[in-house]
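The values are calculated or read from the model by the stated rules, or taken from the named source; none is laboratory data. From a predicted model like this one, the values you see are computed outputs, not experimental measurements. FYI the Cβ positions are ideal-geometry reconstructions off the backbone, even for glycines, and counts take in every protein chain you see. Remember, those area values only see protein heavy atoms, side chains included, never the ligands or the DNA or RNA. Shrake-Rupley method; radii C 1.70, N 1.55, O 1.52, S 1.80 Å.
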Amino acid sequence: MTEGLMITIFLCLFFGTLLFAGLPIAGAILLATCSIPLLVGSGTLSFTAIAKEAVIGAVGNNVGLTIVLFMIAGDFMAKGKLTEKIFDTFAYFFGKKRGFMPIISILTCMFYGAISGSGPATTAAVGAMCYPLLVNLGYEKFFSAAILVAAGCLGMVIPPSVPLTGAAMLAGGGGLELTPLYKIAAVNGVVAGGLIILFAYIHCVRTHDGDQAKINASVDELRKRSFGEVLRESIWALLTPILILGTIFSGIADTAQAAAISLVYAILVSVFIYKTIKINEVIPMLSLGAMKSAGLCFLIALSRVFSAGMTALDIPKKMAAALVSWGLSGTALIILILCLMLLLGAFMDCGAAMMILVPLFAPIIVKFGLDPYTAVTSIIMCQAVGLCSPLCGLCIIVMCPQVGCTIAQLGRHVIKYSVLIVLVAMLSVIYPHVFGFATDGARIPKYETEQSMTQQVESVKVASVITK
């Protein structure tokens, strides 16, 4: 077993042990990072210089700012009741058709996921409104909860996604470009959501789930209002994902600028149009949102230091060489990585798995000649399935109190929908030309140009001598 592989296994086991012992994620990453110079006998001065450069790079990268702005904008959109407006629009047209109420709930999850970028937030916001409605209309409670959990976790995939945006920064080598990454993730998220819709429709048609008389009465009550009135109320909510993704994909604004636009838009709509937020609540909400996002930004900074240390040690190169010597193909490698993400998602926080493994595997993926954009998107999709895990999945945890069941009871019904998401993730990396059309011309990180730790140690020593 090579030195790089042994160090990697030790770091992963050490990190996992710290988490299992109850240490916070930030503390586990910090201790794992500090152990790197001890493993190779490198001086504190050299590693401090590497850490400093990594943190400066993280601060100078606007991806961190993008994450903060989208998280705060998501808070305003959640409190602004945009979800209800989106649901009413879909229900007005399609509510009476058999199986379409669950489909409308799934579509609402996808729209809200594109707005909030958070799986648990999507499940909480849409589930609180749609689950009681579906049950009251005669749909089976576990079926209703399962589709909301599965569709809610797609908030991690459908842009602008906070985990996806963070993974772009953690990929190392200067990071991945967000626009092509967003395009691929949007396609993957829509395909996965489409499969969930198809299976939900088949379930309703086959089992005749839902009380059609109650469904018709509910839609008739909504249709007592004119379509113009419903559209006037919902158009501002429906325009939100179009505004965000449209400005990014058209090149009008970069991701940070689009995030700022979405925040301003959410405030204006919530305060002056829907009037669901009072103007004196804006500043406190901005302050609270900034404090909530500070922890994530701190984690990303620590992870950048960890990534820099791993790269400086040439660990990704050594691991790639070891895997090549084992005779693994690129397809087998990425499937192995995805299976590992699924396994970790069942036992640990999805964010922790991303923080520790994306910086490690991204360089190896490039070394094997694989497309890092489709690979990172698939990794995030498999992490999203972790949100549906019966062990620690946040989406299931959020939904269980509403259903009044245990995590295991709901988890059994969510599994079949989770498999659909994993299937899309696997197909995306096996056939990247189908999903990776947006990466043409996108910059691929050049990991081989980075200095090794030995070279950086020497440069720091020379600099210190000159200073003296």
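Given q = 0.13, 0.19, 0.21 Å⁻¹, what are the Debye log10 I(q)/I(0) values for the stretch 139-271, with equal point scatterers placed on the Cα positions and solvent ignored?
Each listed q corresponds, in turn, to -0.79, -1.18, -1.24.
Rounded to whole Hz and in sequence order, give me ³J(HN,Hα) for the stretch 262-273 from the Karplus expression 6.51 cos²θ - 1.76 cosθ + 1.60, θ = phi - 60°, writing x for Gly and Pro.
Once θ is set to phi - 60°, the couplings for the stretch 262-273 become 5, 5, 4, 4, 4, 5, 5, 5, 5, 7, 9, 9 Hz.
Run the 1.4 Å probe and let me know the accessible area of Lys224, rounded to the nearest 10 Å².
Around 150 Å² of this residue is reachable by solvent.
So for each of 278-284, 375-381 I average, over its residues, the number of other beta carbons within 10 Å; can you give me the resulting order with the highest mean first?
My ranking of the peptides, most packed first, is 375-381, 278-284.
So with the 1.4 Å probe, I'd like the accessible area per residue for the stretch 174-218, rounded to whole Å².
Heavy-atom accessible area per residue stands at 42 Å².
Subtracting the Cα-Cα distance from 0.36 nm times the residue separation, let me have the gained length for Leu423 to Leu286 in nm, one decimal.
Between Leu423 and Leu286, full extension yields an extra 45.5 nm.
Spin-label point model (7 Å from Cα, Cβ direction): what's the Ile415 to Ala213 distance in nm?
Distance between label points: 3.7 nm.
Would you please put 121-130, 424-433 in order of how densely packed they are, using the mean number of other Cβ atoms within 10 angstrom per residue and starting with the highest?
In descending order of packing, they fall as 121-130, 424-433.
Share of Cα-Cα pairs in the stretch 121-212 beyond 22 Å, in percent?
So the pairs more than 22 Å apart make up 41 percent of the total in the stretch 121-212.
May I ask you to derive the FRET efficiency for Ile407 and Phe94 from their Cβ-Cβ distance with R0 = 41 Å, giving the value to the nearest 0.05?
Calculated transfer efficiency: 0.80.
If you wrap a convex hull around the C-alpha atoms of the stretch 92-172 and split its volume per residue, what is the figure in Å³?
Considering the Cα atoms of the stretch 92-172, their hull volume per residue is 83 Å³.
Once you put a point 7 Å from the Cα of Cys339 and another 7 Å from the Cα of Leu268, both along the Cβ direction, what distance in nm separates them?
Going from the Cys339 label point to the Leu268 one covers 5.2 nm.
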